[in-house]
1. Can you tell me, using C-alpha contacts under 8 Å and at least 6 residues apart, the relative contact order of the chain as a whole percent?
2. Structure shown: which of K159/K257; K164/K228; K68/K228; K56/K257 lie over 32 Å apart, alpha-carbon to alpha-carbon?
3. Is it possible to state the helix-based mean residue ellipticity at 222 nm for the chain, with each DSSP H run of 4+ residues giving -39500 (n - 2.57), the sum divided by total residues, to the nearest 500 deg cm²/dmol? What is it?
4. Roughly what % of Cα-Cα distances in the chain sit above 25 Å, to the whole percent?
5. Could you quote the convex hull projected area for region 183-253, Cα atoms only and averaged over all directions, in nm²?
6. Rounded to the nearest 0.05, what FRET efficiency do H104 and K255 have when you use their Cβ-Cβ distance and R0 = 45 Å?
7. Antiparallel as a % of all DSSP beta bridges within the chain, to the nearest 5?
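Only the coordinates and a few stated rules stand behind these numbers; no lab work does. This structure is a prediction, so every number in the text was calculated from the model and none was measured. Cβ atoms come from the backbone with ideal geometry, glycine included; neighbour counts cover every protein chain shown.
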Amino acid sequence: MRSKLVLIEGMPGCGKTTTAQLVHEIFTEVNITSQLFLEGNLEHPADYDGVAFFKKTECDELLNTHRKFKDLLSNLMIQQDNDYFLEYRKIKNEVWSSFPAELHHAVFKHDIYELPLDQNRKLITERWKKFADRVLYGADTFVFDCCFIQNPVTIGMIKHGAKKEEVISYVIELATIVERLNPLLIYVQQNDLDHSFKKAVKERPQEWSEGFIEYYTNQGYGKEQNYKGLDGALQVLKARRELEEEIFNRLNITKIKVDNSSYNKNDYKEVLEGILSE
């Protein structure tokens, strides 16, 4: 059975997005229908981005606290049994900007990636199960950029400072869920983590690096280690790399590491073509 799911993972700045795009391009060239979902895609079929979660009591509290927007919020809420989801990043800018700061904060603190780890894991694994059920007998191949290992590690280790085994078991649970899709994990590596990360910092907008450093050093593992600034974020990244290495070794799915240190797109595409043709 050909893999119905290709998972692209690796450290920031290593070329995950480029890899995912090339994999999708290669599939297209050989007439394999694939669907590409990059980081931040609000239509992701197995992940949540910009989605807040509320239990019924929490939803009622939100609506009663912000009565002026009660009807609008009620119409935007997606109900599943006694749970409510608000895809707040999909709300039109003019509507979202009309909300007061207190309402923005009230919604954001319920973002699925701001929740306690156990609650996040429950919601994410349920979504992956629904995805696997839905696509199992379809013809398409799916290419996912960095939501398989990176997201559990980020919320587990980076945000909450969770124990290593808890984070590893989260990823292994996702792997078990999609096992029937015969997944292929492509882990992108760089020889020099310092160089690739600093290259990303230089090439991306300043607000990206500032937000990244704050996220990596002001909570969870980074805060516990008292890391500060760019160098502190790098130390957290190195610890993350060690954890992801262990996760990679313990996963019982088809997996391969690729070296993208040269940043030579044509040569790199040939390497990926060889992997995908096996």
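1. Relative contact order for the chain comes out at 29 percent.
2. K68/K228; K56/K257
3. -15500 deg cm²/dmol, from helical runs alone.
4. Values: 19629 of 38503 pairs.
Percentage above 25 Å: 51.
5. 5.7
6. Working: r = 40 Å, r/R0 = 0.89.
Between H104 and K255 the formula returns 0.65.
7. Around 30 percent antiparallel, to the nearest 5.
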